[in-house]
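See below for the structure under consideration.
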Amino acid sequence: MRTPIIAGNWKLNKNPKETQDFVDAIKGKLPDASKVETVIAAPAIDLNALTWFAKDEPLKVAAENCYFEDEGAFTGETSPKALSEMGVNYVVIGHSERRQYFHETDEDINKKAKAIFRNNMLPIICCGETLEQREAGDAESWVAGQIKAALDGLTAEQVSKSVLAYEPIWAIGTGKTATADQAEEMCGHIRKTVASLYNEATAQNVRIQYGGSVKPANVKELMSKEDIDGGLVGGASLVPDSFLALAHFQD
Ligand SMILES: O=C(CO)COP(=O)(O)O
């Protein structure tokens, strides 16, 4: 049985004070970790407040990015080693915004995945196609290629513990959610891709999230699908009540 995983991705929103206000508002209200794993991915500058909060609450903390070297002359980068020492649990890698605006390549993403495991954290690996790719019928092969490249050289045990996030670019921040059937179809395809690269047990263990205009009104239907194990949520994760409603989708 895969534990559902609801993750907020704050992107470049909230300062440390706003982060503190957010955690004050959700204190004592998150679901039990055995029912749903809840995660917030936040800007690096906000992670300290989140990891302090998470010591006493059923919340996991994610960075939105990291570098693939632990330390050295890499001005402006964030060390995966330091994130791990701070108590960060996950790092989101390969988000379409990082691929598009910061030219992150499949090779970078693979190196980051290895750096994350080396530092005892887990990756949330994003993939997803553009509208043009979908309309051309290339979505499945494109997404499979992204997954294969990101996982290259990882062990089956590492992949079992990873989280994969399918985020069709045309559904991000557009209010245009993929239908639950479209999301399920691609998440199923991703699971089959993992089975073909590794084995069926690994494919059954890996958790796959859908992301793209997930909100309290549609989370239940998405989460009812067999191959959708969670949501990676942008806009609707920024308001405490909305994040709590997502986290409590089972209630
Ligand atoms: O990119 C996303 C999460 O990583 C999705 O963002 P929205 O939920 O705002 O569409």
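Can you give the longest stretch of the chain with no exposed loop site, where a site means GluC sites (Glu not before Pro) in a DSSP loop (not H, G, I, E or B) with at most 11 other C-beta atoms within 10 Å?
72-225
Return the Rg/Rh value of the stretch 141-210, two decimal places, where both radii are evaluated on C-alpha atoms and Rh is the Kirkwood radius.
The Rg/Rh ratio comes out at 0.99.
Quick check for me: using +1 on Lys/Arg Cβ and -1 on Asp/Glu Cβ, what's the dipole size of the chain about its Cα centre, in debye to the nearest 20?
It works out to roughly 380 debye.
Per residue, how much accessible surface does the chain expose to a 1.4 Å probe? Answer in Å², no decimals.
45
Against the globular-protein guess of 2.2 N^0.38 Å, express the Cα radius of gyration of the stretch 120-251 as a ratio, rounded to two decimals.
1.03
With a ≥ b ≥ c the root eigenvalues of the C-alpha gyration tensor of the chain, is it rounded (a/c under 1.5), prolate (a/b larger than b/c) or oblate?
rounded
Of the chymotrypsin sites (Phe, Trp or Tyr not before Pro) in the stretch 2-84, which ones lie in a loop per DSSP and count no more than 13 other C-beta atoms within 10 Å?
74
Take the Cα gyration tensor of the stretch 46-164, multiply each eigenvalue by 5, square-root it, and list the three semi-axes largest first, rounded to whole angstrom.
26, 16, 15
Report, to the nearest whole %, how much of the accessible area of the chain belongs to carbon and sulfur atoms, 1.4 Å probe, protein only.
Carbon plus sulfur share of accessible area: 51 percent.
Which one, 198, 101, 166, has the greatest fluctuation when you compute a Gaussian network model over the chain with C-alpha springs under 10 angstrom?
101
When the helices in the chain are scored as -39500 (n - 2.57) per DSSP H run of 4 or longer and the sum is shared across all residues, what 222 nm value do you end up with, to the nearest 500 deg cm²/dmol?
-12500 deg cm²/dmol
The values are calculated or read from the model by the stated rules, or taken from the named source; none is laboratory data. Nothing here was measured: the structure is a model prediction, and the numbers come from that model. A quick note on method: Cβ atoms are made from the backbone with ideal geometry, for glycine too, and the neighbour counts reach across all protein chains shown. All accessible areas refer to the heavy atoms of the entire protein, side chains included, with ligands and DNA or RNA removed. Shrake-Rupley method; radii C 1.70, N 1.55, O 1.52, S 1.80 Å.
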